[in-house]
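Since every read-out is calculated from the coordinates, none of them should be taken as a lab result. Predicted model, so just to flag it, every value in this text is computed and none were measured. No Cβ is skipped: glycine too gets one built from the backbone with ideal geometry, and neighbour counts run over all protein chains shown.
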Amino acid sequence: MATSLAGVMHARNPRARSALAALVTLGAAAVVVLATLAFMGIDTGLALGALWRGSFGSPYAITSATLVRAVPLILTGLAVALAFRAGVFNIGAEGQLLVGAAAAAATAGALGDTTRIIVIPAVLIAGMASGAAWAAIADWLRRRFDVLEVISTILLNFVAINLIGFLVRGPLQEPTRIFPQTPTLEATSRLPILLAGSRLHLGALIALAAAVSLWWFLRDRAGGFRIDAAGANPDAAAVAGQIDVGTVSTRAFLASGALAGLAGAVELTGVTFALYENLSPGYGYTAIAVALLARLHPLGVLAAGILFAALDVGANAMQRDAGVPAALVHAVTAIVILGVVAAARTQRSD
Amino acid sequence: MEAFLEAAIRTATPLLLAALGELIVERAGVLNLGLEGTIIAGALASLVAAGTGTVAFGYAGGMAAGAAVGLVMALFVVGLRADQIITGTAITLLATGATGTLYRALYGTQGAALSVPTSGPIAIPLLSDIPIVGGALFAQPVTTYLLYALVPAMWWWLYRTHAGLALRAVGESPGAAVAAGVRVARVRALALVAGSALGGLAGATLVLAQSGTFAEGMSAGRGFVAIAIVVLGRWHPLGVVLAATAFGAASALQFLFQAMGWRVPYHIFLALPYLLTLAALAGVAGRVRSPAALAKE
């Protein structure tokens with residue numbers, strides 16, 4: 001075993017190395033999970049059974065838990081993938097999602113029980129526009145003042161969460177003024193259910209359409225080529241490709257914010273039906289792992305989004321049924337990210 | 001006014017510890033977004049270590065945990081030369097998840113009772129009696145006093161010693177540093193471990209000197225704010241002191257406003273320091289220059 005492992009490590013075949021890196025990553029994640037279970041004295045079979053039942057164990061778990069959870073992860077994953085491909089380090093998908101959800105809640109509240117055909121598009125557009133506007137702040141700071149977008153987007157995440165905290169206790173609070181949340185959405189401003197008897201909503205089709213469109217755009221359009229060129233080597237793109245790198249990256253940044261804002265609007269109208277502070281359990285951060293595991297490929301984001309969603313809802317089931325802390329999923333997510341960056345590095349050094 | 005000044009220094013203390021740690025790391029050319037993770041790791045470790053009954057163990061445990069997180073970061077960004085921004089983000093996520101899991105595993109769903117020894121304010125005789133500023137500067141927990149020694153020591157080390165020069169050279173021009181016989185990888189790894197130990201100490205301060213217990217996510221973005229403070233302080237120890245104090249004052253404004261009877265929503269206060277940091281970052285832009293090799297490889 002040891003010799004064959006060493007053989008693969010020294011193999012010149014990058015695919016073998018890549019596969020090995022993936023195996024090592026998954027192995028490390030598994031070891032962490034099993035060690036935690038052993039340390040806490042939890043029955044491994046019980047915990048892993050709960051993980052399976054909660055994520056893929058039944059048609060209801062698949063449609064109403066995993067796929068519903070995958071929607072915001074896919075949309076924010078696409079947001080991060082697009083920005084990273086353009087060389088923009090948007091760590092602010094979380095804040096853009098929250099602001100998108102807030103704008104969607106305000107719009108839905110203002111339109112009241114107007115017909116669904118009008119309310120739903122208006123709410124989704126409000127989410128996208130505000131997500132893009134939130135990203136635009138960081139983009140403006142970057143272009144006008146040279147402030148690293150890594151730092152500004154993270155700071156804006158904290159501003160966004162406090163903004164929601166203020167809104168749900170102030171201007172947008174429900175009429176009885178008891179709970180820190182907006183009033184529950186009217187039926188006309190909720191996304192339609194796709195599958196009777198499940199919680200699967202229209203957002204799943206929106207996420208699918210977004211992933212396919214982005215894939216097509218990046219593969220077949222000149223705009224997609226410009227984004228990849230600007231991200232891969234801005235100087236070469238400017239000199240050899242006559243690409244206005246600043247404009248290209250600004251557009252990608254705003255589109256990235258719009259996708260994250262859309263995720264917030266979809267989550268509000270499809271799942272939570274009200275705005276409150278803990279609306280997102282960190283979708284915007286998990287999105288980074290989703291995008292990296294997908295190697296920034298839009299269709300890969302679909303698969304990675306579903307995988308992380310299964311992990312997430314499975315972890316919740318493990319906490320409920322076996323007492324395993326759900327925070328463990330963040331550690332596993334982080335190990336996957338580290339595995340991917342280490343693997344990418346190993347390949348580059350070939 | 002005295003409550004305001006006292007709160008300003010109290011808020012600034014963990015920020016300044018973390019920012020000085022980040023300063024060393026960035027001067028070696030590494031942007032450590034894992035700082036947030038080192039703070040939360042230090043916070044939990046200090047709670048566990050102080051559970052033995054000694055506050056000093058608590059601080060040592062916090063520093064050790066921070067250094068361990070820094071070592072992981074060094075393994076990836078120095079050893080494997082992985083992307084600093086993505087690795088740092090992942091390390092923060094890892095530490096957040098691991099501390100949340102461990103905290104539940106160790107203390108159950110009820111959480112830790114307020115049972116660890118804490119390190120309360122120590123009033124220095126005479127000095128703490130100075131009107132207005134006495135209490136703010138000289139009736140603080142032990143880590144604040146540590147800073148009074150650490151800041152000048154770091155300044156002297158960075159600008160007056162050979163090792164400090166080597167560190168700055170690695171951050172400005174790794175190629176030239178190599179030519180001069182400096183082992184770049186080793187300097188960066190050591191900087192990450194030492195700087196992260198200070199981040200862990202910042203987390204220990206939050207637990208032992210301020211809240212008396214641990215809560216999931218209690219670092220609340222202080223690591224990221226500390227990174228911004230390093231930029232505002234122009235990568236200089238004294239500048240960092242000024243920036244951290246200003247941030248502490250902004251956070252403590254609520255005490256001043258309460259005293260004046262102004263009613264401003266609580267969450268606006270919570271957002272204010274982040275907004276002021278963004279505004280300040282925009283304000284200093286164009287007039288500051290980061291270490292030339294920062295986050296380059």
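In the Gaussian network model of chain B, springs joining C-alpha atoms below 10 Å, which of B:LEU190, B:LEU256, B:LEU35 carries the largest mean-square fluctuation?
Fluctuation is largest for B:LEU256.
Looking at the square roots a ≥ b ≥ c of the eigenvalues of the Cα gyration tensor of the range B:87-212, which shape do they give, rounded for a/c under 1.5, prolate if a/b is larger than b/c, or oblate? Present the calculation step by step, with values, prior to reporting the outcome.
On the way: a/c = 3.94, a/b = 1.26, b/c = 3.12.
Because a/c hits 1.5 or more and a/b fails to exceed b/c, the range B:87-212 counts as oblate.
Magnitude of the Cβ-charge dipole of chain A, K/R +1 and D/E -1, about the Cα centre, nearest 20 debye? Present the calculation step by step, with values, prior to reporting the outcome.
Values: 22 positive and 17 negative charges, 115 e Å.
Dipole about the Cα centre, nearest 20: 560 debye.
I'd like the orientation of helix B:162-172 relative to chain B: the angle between its Cα long axis and the longest Cα principal axis, in ° from 0 to 90, rounded to 10.
80 degrees
Using the per-residue mean of other Cβ atoms lying within 10 Å as a proxy for protection, in what order, highest first, do the peptides B:130-137, A:186-193 fall?
Top to bottom by mean Cβ count within 10 Å: A:186-193, B:130-137.
Amide H neighbours of A:ILE243 under 5 Å, at least 5 residues apart or on other chains, H built in the peptide plane: list them.
Here A:ALA238 satisfy the definition.
Once you list every other residue whose beta carbon is under 15 Å from the beta carbon of B:GLN110, what net charge do they have if Lys and Arg are +1 and Asp and Glu are -1?
Numbers: positive: B:ARG104; negative: B:GLU216.
Once all neighbours under 15 Å are counted, the net charge is 0.
For the range A:190-324, what class follows from the C-alpha gyration tensor (a ≥ b ≥ c being the square roots of its eigenvalues): rounded when a/c is under 1.5, otherwise prolate if a/b is larger than b/c, else oblate? All intermediate terms of the calculation are to be shown ahead of the outcome.
Details: a/c = 2.36, a/b = 1.99, b/c = 1.19.
Since a/c reaches 1.5 and a/b is larger than b/c, the shape of the range A:190-324 is classed as prolate.
Under a Cβ-only charge scheme (Lys and Arg +1, Asp and Glu -1), can you give me the dipole magnitude of the protein assembly as shown about the Cα centre, in debye to the nearest 20?
Details: 37 positive and 27 negative charges, 234 e Å.
In total the dipole reaches around 1120 debye.
With a 10 Å cut-off between alpha carbons and a GNM built on chain B, which of B:GLY53, B:GLY181, B:GLY217 moves the most?
B:GLY181
Show the residues, 5+ positions off or on another chain, whose built amide H is closer than 5 Å to the amide H of A:HIS201.
When sequence neighbours closer than 5 places are left aside, the close amide H contacts are A:LEU194.
Tell me, what ³J(HN,Hα) does each residue in the range A:211-228 have, in order and in whole Hz, if you take phi through Karplus 6.51 cos²θ - 1.76 cosθ + 1.60 with θ = phi - 60° and put x for Gly and Pro?
Result, ordered by residue: 5, 5, 5, 5, 4, 5, 4, 6, 8, 10, 9, 4, x, x, 4, 4, 4, 5 Hz.
For the range A:20-60 and the range A:180-201, compute the distance between their C-alpha centroids and round to whole Å.
32 Å
From the backbone phi of the range A:31-47, what are the Karplus-calculated ³J(HN,Hα) couplings (6.51 cos²θ - 1.76 cosθ + 1.60, θ = phi - 60°) in whole Hz, Gly and Pro given as x?
Going residue by residue, I get 4, 4, 5, 5, 5, 4, 4, 5, 4, 8, x, 9, 4, 4, x, 4, 5 Hz, with x marking Gly and Pro.
Report P(r) for chain B: all Cα-Cα distances, bin width 10 Å, range 0 to the bin holding the largest distance, values in whole percent.
Once binned at 10 Å, the Cα pair distances of chain B give 7, 28, 35, 23, 7, 1, 0.
Rounded, prolate or oblate: which one fits the protein assembly as shown, using the alpha carbon gyration tensor with axes a ≥ b ≥ c (rounded when a/c is under 1.5, else prolate when a/b beats b/c, else oblate)?
Values: a/c = 1.38, a/b = 1.21, b/c = 1.14.
The shape class here is rounded.
Once phi is turned into ³J(HN,Hα) by the Karplus curve 6.51 cos²θ - 1.76 cosθ + 1.60 with θ = phi - 60°, what whole-Hz value does each residue of the range A:118-130 show in order, with x for glycine and proline?
Couplings: 8, 5, 4, x, 5, 5, 5, 5, 4, x, 5, 4, 6 Hz.
Just to confirm a number: summing +1 for Lys and Arg and -1 for Asp and Glu over residues other than A:TYR283 whose beta-carbon lies under 13 angstrom from that of A:TYR283, what do you get? Let's see the in-between values first.
On the way: positive: A:ARG69; negative: A:GLU94, A:GLU267, A:ASP312.
Result for the neighbourhood of A:TYR283: -2.
Under 5 Å between amide H atoms, partner at least 5 residues away or on a different chain: which partners does B:LEU31 have, H built in plane at 1.01 Å?
Residues meeting the amide H criterion: B:ALA295.
Provide the descending list of Cα extents for the range A:20-97 along its principal axes, expressed in whole angstroms.
The Cα atoms of the range A:20-97 stretch 45, 33, 26 Å along the principal axes, largest first.
Please find, in a Gaussian network model of chain B (springs between Cα atoms separated by less than 10 Å), the residue of B:ARG186, B:ARG222, B:ARG168 whose mean-square fluctuation is greatest.
Taking springs between Cα atoms under 10 Å, the residue moving most is B:ARG186.
Beyond 25 Å, what share of the Cα-Cα pairs of the range A:69-291 is found? Please give it as a whole percent.
Beyond 25 Å sits 38 percent of the P(r) for the range A:69-291.
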